[in-house]
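The values are calculated or read from the model by the stated rules, or taken from the named source; none is laboratory data. Quantities reported herein were computed from a predicted structural model and do not represent experimental measurements. Cβ coordinates were reconstructed from backbone atoms using ideal geometry, including for glycine residues, and neighbour counts include every protein chain displayed. Surface areas here come from the heavy atoms of the whole protein model, side chains and all, with no ligands, DNA or RNA. Shrake-Rupley method; radii C 1.70, N 1.55, O 1.52, S 1.80 Å.
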Amino acid sequence: MLDIYTSLFSGKHEEIKLKNFRTKALGLTLLLASTQASAIPLTLDGGWQSFGFGGTGSSWYSTFEFTISDAAVLSVTDAFLAGDIFEVFADSVSLGLTSFTSDTTSQIGSDYDSAFASASWSSGSWDLAAGSYVISGVVTASPHGSGGAALRLDTAEVPVPAPLALMGLGLAALGFSQRKKLS
């Protein structure tokens, strides 16, 4: 009788263990899914969007996505502690590396405009054509083991013709209109 009870109890015990395993596996799956890089919408002319990263060789903690109908400029800058360098990707294709810096001691906090303008912080800019993009990055150097940086998407400036060229076009148009009147 004891053997029957033991085998019945053992079966129930194994069933409870299986349910606990399934619950833990589901929890682990949800945890891993929540720690994967999240896609953040990036707004054209919306200013700096911060992101975090781990040590050398790690991916940025976030990816960024957007669609643009005209040309735009993507800018990336290191911030807080100087010395981090990134490889930037658009749709898994490398756009290139941010600039090299040998400064690893300066601190600037989250003043992204000043960091972008300073040679002490690694930064880069890339021209993008109209289209949809997913931007990601990999840390190629991180002397501090982790940190923060930012990126932004701005409307590309349309080059304005030189005033002399505009005046020349105006004179040519005036001359052409006068010539038509004489004919």
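Name the single residue that is surrounded by the fewest Cβ atoms within 10 Å (Cβ to Cβ) among those in the stretch 84-105 being modelled with pLDDT of 95 or more and not hydrophobic (A, V, I, L, M, F, W, C). Per the stated criteria, the residue is Ser92.
Tell me which residues, restricted to the stretch 107-133, are assigned to a strand (DSSP E or B) and open to solvent by 50 Å² or more (accessible area, probe 1.4 Å).
Listed by number, the residues that qualify are Gln107, Ser125, Asp127, Ser132.
Looking at the stretch 134-157, can you tell me whether even one residue there is of a type in the set (A, V, I, L, M, F, W, C), at pLDDT below 95 and in a loop (DSSP other than H, G, I, E, B)? Outline the logic, then answer.
Within the stretch 134-157, the first condition is being of a type in the set (A, V, I, L, M, F, W, C), and the residues that meet it are 134-135, 138-139, 141, 149-151, 153, 156.
With at pLDDT below 95 added as a condition, the list becomes 156.
Among the residues that remain, those that are also in a loop (DSSP other than H, G, I, E, B) are: 156.
Yes, the conditions are met somewhere in the stretch 134-157.
Residues in the stretch 38-63 that are part of a loop (DSSP other than H, G, I, E, B) and over 24 Å from Ala129 (Cα atoms): 6 in all.
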